[in-house]
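Before any comments, here is the structure.
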Amino acid sequence: MTTLRPVIRKLRGMPASDGAGVKLVRVIGTPQLPDLDPFLMLDEFGTDRPEDYLAGFPSHPHRGFETVTYMLDGRMRHKDNHGNEGVLVPGSVQWMTAGRGIVHSEMPEQEQGRMRGFQLWVNLPASEKMTAPRYQEYGPERFPETEVSPGARVKVIAGEVAGVTGAIAQPATDPTYLDMTLQRGARFEQALPAGHSAFAYVYEGAARFGDGEAAAEGAKGELLVFGPGDRVAVQGLGDGTRLILVAGRPLREPVARYGPFVMNTQAEIRQAFEDFQAGRF
Ligand code: FE2
């Protein structure tokens with residue numbers, strides 16, 4: 001028998017500014033939700049105003065975790081100190097394992113129009129924090145939409161849905177990352193490993209999660225955190241509801257965090273500063 005996961009928290013993100021002044025909404029990584037192990041941060045960026053994004057994210061370091069960028073609209077050029085460079089177009093995903101360190105920039109490749117997407121930070125276990133940096137980066141053609149039930153379409157970025165496996169894999173946290181579009185009344189159930197942290201973030205329309213009296217509704221801009229169980233049920237409440245559904249295995253390790261460095265101890269954070277300043281990234 002399987003158990004439907006209840007919604008145990010519902011909250012909204014808070015307006016924030018990062019990089020050289022990019023306006024965004026921080027959903028995870030705030031005082032009310034500092035993290036959701038193994039997820040350290042979730043930012044939604046979405047604006048039609050170039051002045052909100054043009055400044056971009058000039059050169060900055062990362063060590064000890066992964067940054068996952070999912071572009072919905074707009075184009076973003078990334079470039080790092082190991083010679084990697086590329087442009088993220090709408091529908092593409094970059095799963096960057098920073099490992100022992102990279103220094104990169106993420107800058108808009110457009111001067112007008114809409115820029116929209118998500119950046120998720122995923123922690124790495126102690127044993128992999130100093131791994132060699134690597135990218136899993138794919139264009140939209142690698143994330144086809146699958147109709148999983150009438151009126152419910154899913155893009156599988158990571159994990160498995162109805163026999164479709166996402167292009168991205170990370171054994172350390174075994175993530176599921178789905179982008180779903182639901183028409184009114186469309187219902188879909190997804191198995192998620194028991195014990196994995198799991199959340200949904202509604203970014204258009206509204207949806208109902210769960211069944212019967214335990215059901216909870218989430219509207220645009222709301223994050224819903226799921227409790228124990230091994231599957232979630234979701235139903236569209238309007239036409240064109242869109243949400244991401246994300247889950248991953250918690251690491252249950254101490255987190256020492258300072259800006260773009262996420263390690264296990266303060267000594268490792270100090271080492272990260274030293275290594276960065278000495279050009280060892
Ligand atoms: Fe970055």
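Data overview
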| item | result |
| --- | --- |
| All-pairs Cα distance distribution in the range 12-147, expressed in whole percent, bin size 10 Å | 12, 42, 38, 8, 0 |
| Label-point gap, in nm, between residue 146 and residue 174 - each point 7 angstrom along Cα→Cβ | 1.8 nm |
| FRET efficiency estimate (nearest 0.05) - Cβ-Cβ, residue 216 to residue 258, R0 35 angstrom | 0.50 |
| The range 108-223: projected area of the alpha-carbon convex hull, averaged over directions, in nm² | 9.9 nm² |
| Pair residue 231, residue 17: separation of 7 Å Cα→Cβ label points (nm) | 4.7 nm |
| Surface accessible to a 1.4 Å probe, per residue, for the residues of the chain, Å² | 42 Å² |
| Reachable aspartates and glutamates from residue 79, criterion Cα separation under 19 angstrom, eight or more residues apart if same chain | 18, 66, 106, 109, 111, 137 |
| Viscosity 1.567 mPa s, 4 °C: Kirkwood-radius Stokes-Einstein D of the range 36-112 over Cα pairs, µm²/s | 97 µm²/s |
| Zone residues, the range 159-180, relative to residue 189, backbone N less than 14 Å from point 7 Å out along Cα-to-Cβ | 162 |
| Distance-filtered residues of the range 99-129 - backbone nitrogen under 17 Å, label point 7 angstrom along residue 37 Cα→Cβ | 122-129 |
| Centre separation in Å (Cα based) which lies between the range 57-130 and the range 205-247 | 27 Å |
| Whichever lysines have a C-alpha closer than 17 Å to that of residue 220, once near sequence neighbours (fewer than 8 apart) are set aside | 10 |
| Longest to shortest principal axis, alpha-carbon extents of the range 1-73, angstrom | 50, 30, 25 |
| In Å, descending, principal axis extents of the Cα set of the chain | 58, 43, 34 |
| Mean Cβ neighbour count within 10 Å, used as a protection proxy, ranking 274-281, 241-248, 6-13 highest first | 241-248, 6-13, 274-281 |
| Net dipole in debye of the chain [+1 Lys, Arg Cβ; -1 Asp, Glu Cβ; about Cα centre; nearest 20] | 280 debye |
| Over the range 172-281: Kirkwood hydrodynamic radius from C-alpha pairwise inverse distances, Å | 16.1 Å |
| Degrees, to the nearest 10: 266-277 long Cα axis against longest axis of the chain | 60 degrees |
| Percent of C-alpha pairs per 5 Å bin, the range 17-56, short to long | 6, 25, 24, 18, 15, 9, 2 |
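The values are calculated or read from the model by the stated rules, or taken from the named source; none is laboratory data. This is a predicted model, so every value here is computed, not measured. No Cβ is skipped: glycine too gets one built from the backbone with ideal geometry, and neighbour counts run over all protein chains shown. These area figures cover heavy atoms from the full protein model, side chains too; ligands, DNA and RNA do not enter into them. Shrake-Rupley method; radii C 1.70, N 1.55, O 1.52, S 1.80 Å.
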